Every structure is written in C-alpha cells, then in structure tokens.
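Written out below as structure tokens is the structure these notes cover.
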Amino acid sequence: MKNNTVVLTGRLMKHILRSPDTIITVALTPIAMMLMFVYVFGGAVRMSMGADVNYVNYQLPGILLIAIASGIAYTAFRLFMDMQKGLFSRFNSMPISRSSVLWSHVLTSLVSNMLTVVIIILVALIMGFRSNAGILNWLAAAGILALYTLALTWIAVIPGLTAKSMEGASSFSYLLLFLPFLSSAFVPTETMPKVVRVFAENQPVTSIVETIRVLLNAEPVGNDIWIALAWCVGIIVFAYLFAMRAYRSRI
C-alpha cells in the first residue's frame, strides 16, 4: 500500500507542479487579505489593541487557516474530476490497494497546502512578521497546521466523492473560509458582542489560532494547545469514518 500511495501521490503532485497556478491562486487571496488587514485596517486595530502590537504577527495564523480552507476546495475538485473520469474504477481494477487512491489525494492536499503556507509566511516576513520562536516551537506550529489541513481534507473528501456537480464539490469550503472571521484570528474576542463572543471562543479555529500565535511568538503554551489538538484529531476521526463510508459506497 505504501509504495502505491507514493506513486499515486507523485502522479497528482506532477499535475500541480506542471500547473502551479493552483498553489499561486490559493495563496493570492489570503495574501491580498493580509495586505488589506495590515495596511488598510491595521492602524485602527492597533489603536484598540495597543501601538506595540505587531499586527502582522497577530493575524498571520488566521490568514494561514484561510489559505488552507481555500486549498482543500481543490482537493474536493480533484476527487470529483477523478470520479467523473472513471479513474477510481480504473485504478481499483489494478492490483493496488483501494485505499491508496484516496490516500494519495489526502497526501497531495497536505503537501500542496504546506507549500502555500510557506509562500504566505515568506510574504509575511517581507511585511514585518518577526518571530523569536525556536525550532521546537516552529515544528509544533507546523504540526498543528498539518493536523488542521488533514482535518479539513478529510471533510473535503466527502463532497468530493458524493457531489453531483463540480460546484457542489467545492462550495462547502465557503463555510470553512468564514470561520476565522468569527474567531480571535483578527481581533480579540473580548471586543465582540456577547453572543458572537460565546461562539467565537468555543469554535475550533480560535483555539488553533491562539495556539499557533503563542508558539510563533515564543510565549508560554496554555490549555489552548490541548483544545486545538482535540478539535483536530476529533474532526479527523469523524470525517475519516464518513469519508471511507462514502468511498466504499462508490467503488
């Protein structure tokens, strides 16, 4: 299974590398948002948060999560197109593990989204992002981002396998794109109305954003990291179960 998965993942990555506009397109919107938040709204935000706040540092975790949510829409699209072309049936008729076909899409999503994350961090460095974090903090932040990517990817697999149209396969991502705006990604939750604040403080994005933020700022990690891990692992388990059920019903 391992060799089959590697080969099939290589096939998908070759398509992406031959046409890198997918990664560039996924990165462009979050970068444009980062520019807008920092250079258009950043002054007003710093007035409410304090002049000493580096707003690039503050909002970068939320921008990264938005980029990942954008990227997994392409995972659903690629799955849908492979199903429509009959590639899954063709591969399943070969002497390879059936799960390898699905795992290749998941791993491709992980790799391509991590490339997008690197591009955005490089742009953030140009804009003034600075971090005192050590290698362990960076590895921990990368691990959280990878888990979040896997969680959203397994969610994306479900419409990718079951959607009736190309639009239906990727439209689910709009909700995931909206979640960071109802979290502490761009402003502290204390500034929000009570009802919104309650939701923002108890949805997964806030704990994930807070965890990445303190890791990159080399600050003490509190309970948020355990909450973030619980959310990511829980979503992965449930989405994986539903995705595999949908996969078995289609092959």
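The values are calculated or read from the model by the stated rules, or taken from the named source; none is laboratory data. Keep in mind the model is a prediction, meaning the values are calculated, not measured. Cβ placement follows ideal geometry from the backbone for every residue including glycine, while neighbour counts extend to all protein chains displayed. With ligands, DNA and RNA removed, areas are computed over all heavy atoms of the protein, side chains included. Shrake-Rupley method; radii C 1.70, N 1.55, O 1.52, S 1.80 Å.
Taken as a whole, the condition of being under 27 Å from residue 200 (Cα atoms), open to solvent by less than 10 Å² (accessible area, probe 1.4 Å), modelled with pLDDT under 95 and of a type outside the set (Val, Ile, Thr) does not apply to residue 159. Scanning the stretch 116-137 for residues that are assigned to a helix (DSSP H, G or I), more than 17 Å from residue 226 (Cα to Cα) and of a type in the set (Gly, Ala, Ser) turns up at least one hit. Could you tell me which numbered condition residue 191 fails, if it satisfies all but one of (1) β-branched (Val, Ile, Thr); (2) open to solvent by 50 Å² or more (accessible area, probe 1.4 Å); (3) free of Cβ contacts under 8 Å to residues at least 24 places away in the same chain; (4) over 19 Å from residue 105 (Cα atoms)? In the conditions (1) β-branched (Val, Ile, Thr); (2) open to solvent by 50 Å² or more (accessible area, probe 1.4 Å); (3) free of Cβ contacts under 8 Å to residues at least 24 places away in the same chain; (4) over 19 Å from residue 105 (Cα atoms), residue 191 misses (3) alone. Residues in the stretch 100-121 that are within 25 Å of residue 247 (Cα to Cα) and open to solvent by less than 20 Å² (accessible area, probe 1.4 Å): 100, 101, 102, 104, 105, 106, 108, 109, 112, 113. Residue 174: surrounded by 12 or more Cβ atoms within 10 Å (Cβ to Cβ), among the hydroxyl-bearing types (Ser, Thr, Tyr) and under 21 Å from the mean Cα position of the chain (by Cα), yes or no? No. Among the residues of the stretch 154-167, which ones are in a helix (DSSP H, G or I) and touching a residue at least 60 places away in the same chain (Cβ under 8 Å)? 154, 155, 156, 157, 158, 159, 160, 161, 162, 166 - these are the residues of the stretch 154-167 that are in a helix (DSSP H, G or I) and touching a residue at least 60 places away in the same chain (Cβ under 8 Å).
Among the residues of the stretch 145-156, those that are hydrophobic (A, V, I, L, M, F, W, C) and either surrounded by fewer than 20 Cβ atoms within 10 Å (Cβ to Cβ) or more than 12 Å from residue 75 (Cα to Cα) (or both) comprise 145, 146, 147, 151. Residue 180 satisfies every condition listed in (1) open to solvent by less than 50 Å² (accessible area, probe 1.4 Å); (2) part of a helix (DSSP H, G or I); (3) over 21 Å from residue 38 (Cβ atoms) except (3).
If the condition is being among the hydroxyl-bearing types (Ser, Thr, Tyr), in a helix (DSSP H, G or I) and in contact with a Ser or Thr (Cβ under 6 Å, 6 or more places away or on another chain), then the stretch 183-231 contributes only 206. Selection within the stretch 194-206: residues that are surrounded by fewer than 16 Cβ atoms within 10 Å (Cβ to Cβ) and among the charged types (D, E, K, R). The member of this set that is nearest to the chain's Cα centre (by Cα) is 201.
Here 133, 142, 124 are screened, and the one residue that is out of contact with any strand residue (DSSP E or B) (no Cβ under 6 Å at 6 or more places or on another chain), under 27 Å from residue 36 (Cβ atoms), open to solvent by 30 Å² or more (accessible area, probe 1.4 Å) and not acidic (Asp, Glu) is 142.
Tell me, please, whether a residue that is basic (Lys, Arg), within 26 Å of residue 38 (Cα to Cα) and in contact (Cβ under 8 Å) with a residue 12 or more places away in the chain can be found in the stretch 204-216. Yes, some residue in the stretch 204-216 is basic (Lys, Arg), within 26 Å of residue 38 (Cα to Cα) and in contact (Cβ under 8 Å) with a residue 12 or more places away in the chain.
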